[in-house]
């Protein structure tokens, strides 16, 4: 099944000659994984992407969030994973 990961970082930053400045950073990844994957394994993927985003962001973001999406549909009582 295809699993979609979305990681977002957001925070205020100081830029000369500006009163307010905000910076955002977003990473989206897709990975085909087995239906037997555990929550712990998904957390490991998120942790890895969190480290990457924090390194690229340049400082500790005020907000760092993750969203995992697994798309599925039901057809005649059977679940089919999309992707």
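When segment 45-64 is filtered for residues that are touching a helix residue (DSSP H, G or I) at 6+ places or on another chain (Cβ under 9 Å) and surrounded by 10 or more Cβ atoms within 10 Å (Cβ to Cβ), the ones remaining, listed by number, are 61, 64.
Each residue in segment 1-48 was checked for being in a strand (DSSP E or B) and either closer than 21 Å to residue 63 by Cα or in contact (Cβ under 8 Å) with a residue 40 or more places away in the chain (or both), and 21 pass. Any residue in segment 55-66 that is touching a residue at least 60 places away in the same chain (Cβ under 8 Å) and either outside any loop (DSSP other than H, G, I, E, B) or in contact with a strand residue (DSSP E or B) (Cβ under 9 Å, 6 or more places away or on another chain) (or both)? Yes - at least one qualifying residue is present in segment 55-66.
How about segment 67-78: which of its residues are in a strand (DSSP E or B), more than 14 Å from the chain's Cα centre (by Cα) and surrounded by 10 or more Cβ atoms within 10 Å (Cβ to Cβ)? Correct list: 72 only.
None of the figures in this text is laboratory data; all of them are computed from the coordinates on show. Note that the coordinates shown come from a computational prediction; the quantities given were computed from them, not determined experimentally. Backbone-built Cβ (ideal geometry, glycine too); neighbour counts: all protein chains shown.
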